[in-house]
Amino acid sequence: MIDQSQHFFIRRCVSDILNGLSDGLTHFSGTSRAAVIFAMQQDSPLLICDPQNLLKGHEPIFNTLFLENQNWRINDKVQRDRKKFTDIIPLKDLGLAGLLSHGGYSGSVFFQHWFTEHHPDLCSTGPTECWLEDAVWRLAYDLANDQDIYTGISGYFLKEFATHAVRDYIIDQMNMLIGWDTQIRIYPVLDAILMISETREEGCWPEGRLLIIDPGMINQLDFLVRFQEDVCPQLINYKHVRKLLLTVERSGRYLVSDGRAILGICRDTLPSFSLCADFLGRHGFLKINHNKVCSFADGRFNSTNYQARLVQLEELLLESHLERSDSFFLFKTVVSLVHHSQAGKHGCTIVLDLNPTPVAISGQSLTPPLDLRKPYMLKMVKSLAKVDGALHIGADQQLYGFACLLDGRSIPGEDRARGARYNSALRFTSEHANIIVVVVSSDRPVSVIYQGVDVHSFCAWNKRAGSVYTCERLDSWVGM
């Protein structure tokens, strides 16, 4: 039987981890909620803590998985000793739509499963799953100890876990592909990559590919240039490495390192395992054997693949009064324009006017409008998108103007950290019905704005620092 003091301690531990997990993943992947279900002992009721309503809508599946089916309580491998918290028996992702999850059994917390959002633009789910795995370990550790020595450090650690999550995932992949016996030390490599990514050379951001390989695989490479062993540049000398990247810039070649020094330059034939930092200017990608692990920019790692999926735009168009074929055509047109703008590294604004009669917008009006259903017109529109101002596209798939100026009165929710393009779109859509604005910034992800709100970055949770959340019974929550 758990007394009142112990119950509050459990809530505090869960809340601190949930806050840190949500904050950390939000910096890594964009707005991210988190939730957990757990049972302290084998015969304890299942509890849920979901203050952000992440799991809302999944009640039927949780009822089926955990209430109607009690098989999760059967696990003879769990040692009923809270000091055995390190012996965690992992539980894999449940595969729920729109969610990532990870759980485990342990002596201090018999059963727990953590959840967060599965963003559509992830390079890989691996680092996020490692993040959730650490949340499982943290709760097991915190509840294995006495209340009087609790520090709350787990939440703070999870908030700053991005580099650790990336490192843990890389180590997992290395162990599977080449075994445990490797000389590569990942933390120094990750630090060097971030330092190089922030170092300009003659005002230019780094471009080129840096290949990290296990020393035992050097013979698998086709070297074009091999540096003398006793004078190889050290990877930690990031300014020197930044200069050497110029030798492989915009080419099919790689600058090669064994994790400590730069060994030379090789062709694009890769060994059985390799870690590659692909520098693309303001941002770049970290890859394992051509597969993206994460991106990096502004001195930190991120999950985004920098490819606009525009899921929110697709949903808004499907919910509109347009015919399905018309909404699909408009969606494909916008995606093409967005990708062209991103490839050209210039921003643009696209106004989708779904009104029967397009609204009047100040700008370069076209008479007659351009018919976007004609294939050759899209190429013309891509050129017009480079001009400062917005493209004005109607529901009839016609381009009514370009270089349009979006005006409006100031509204709550504006973000002064963003430019005039973004905030003008917020103001304009708040004053005009049936208008969707897509904003492409040269150095940020794409924003879809509707009714004065950025539908991707809305704040789903107004939390207060130090909050201790309620843990309610799962059977009561499912019956709500």
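The values are calculated or read from the model by the stated rules, or taken from the named source; none is laboratory data. Given the structure is predicted, the values throughout are model-derived calculations rather than measurements. Cβ: placed from backbone, ideal geometry, glycine included. Neighbour counts: every protein chain shown.
The table that follows gives values for the structure above.
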| read-out | value |
| --- | --- |
| Residue within the range 15-24 that is at negative phi, in contact with a His (Cβ under 9 Å, 6 or more places away or on another chain), small (Gly, Ala, Ser) and part of a helix (DSSP H, G or I) present | no |
| Considering residues of the range 143-197 that are surrounded by 17 or more Cβ atoms within 10 Å (Cβ to Cβ) and assigned to a loop (DSSP other than H, G, I, E, B) only, the residue nearest to the chain's Cα centre (by Cα) | Phe161 |
| Index of the failed condition, Leu211 passing every other in (1) among the aliphatic types (A, V, I, L, M); (2) modelled with pLDDT of 95 or more; (3) in a helix (DSSP H, G or I) | (3) |
| Every residue from the range 175-185 that is in contact (Cβ under 8 Å) with a residue 60 or more places away in the chain and within 19 Å of Cys123 (Cβ to Cβ) | Leu177 |
| Any hit, the range 289-309, residues being more than 18 Å from the chain's Cα centre (by Cα) and outside any helix (DSSP H, G or I) | yes |
| Number of positions in the range 315-352 that are surrounded by fewer than 18 Cβ atoms within 10 Å (Cβ to Cβ) and either in the same structural domain as Leu190 (by TED's automatic domain parsing) or not hydrophobic (A, V, I, L, M, F, W, C) (or both) | 14 |
| Filtered residues of the range 111-142 (kept if buried (at least 21 other Cβ atoms within 10 Å of the Cβ) and aromatic (Phe, Trp, Tyr)) | Phe111, Trp114, Phe115, Trp131 |
| The listed residue being under 14 Å from Phe273 (Cβ atoms), without any contact (Cβ under 8 Å) to a residue 60 or more places away in the chain and outside the structural domain of Phe279 (by TED's automatic domain parsing), out of Asp172, Asp214 | Asp172 |
| Pair list, Cβ under 7 Å, 6 or more apart: the range 267-284 residue at positive phi, other residue among the aromatic types (Phe, Trp, Tyr) | Gly281/Trp205 |
| Ile48 of a type in the set (A, V, I, L, M) and free of Cβ contacts under 8 Å to residues at least 12 places away in the same chain | no |
| Pairs, first farther than 16 Å from Arg409 by Cα and assigned to a loop (DSSP other than H, G, I, E, B) in the range 424-451, second charged (D, E, K, R) and modelled with pLDDT of 90 or more, C-beta under 9 Å, six or more apart | Asn434/Asp353 |
| Count of residues meeting criterion [touching a strand residue (DSSP E or B) at 6+ places or on another chain (Cβ under 6 Å) and either outside the structural domain of Asp214 (by TED's automatic domain parsing) or over 17 Å from Phe273 (Cα atoms) (or both)] in the range 175-193 | 1 |
| Residue selected from the range 141-183 under the condition at pLDDT 85 or above and among the acidic types (Asp, Glu), by the criterion nearest to Met217 (Cα to Cα) | Asp172 |
| Qualifying position, being at pLDDT 90 or above and assigned to a helix (DSSP H, G or I), among Phe329, Phe402 | Phe329 |
| Residue selected from the range 200-223 under the condition charged (D, E, K, R) and touching a strand residue (DSSP E or B) at 6+ places or on another chain (Cβ under 9 Å), by the criterion surrounded by the most Cβ atoms within 10 Å (Cβ to Cβ) | Arg209 |
| Pair list, Cβ under 8 Å, 6 or more apart: the range 189-203 residue at negative phi, other residue assigned to a helix (DSSP H, G or I) and loosely packed, with under 14 Cβ neighbours inside 10 Å | Thr199/Lys239 |
| Leading residue by the ranking (surrounded by the fewest Cβ atoms within 10 Å (Cβ to Cβ)) among those in the range 33-49 that are part of a loop (DSSP other than H, G, I, E, B) and more than 23 Å from the chain's Cα centre (by Cα) | Asp43 |
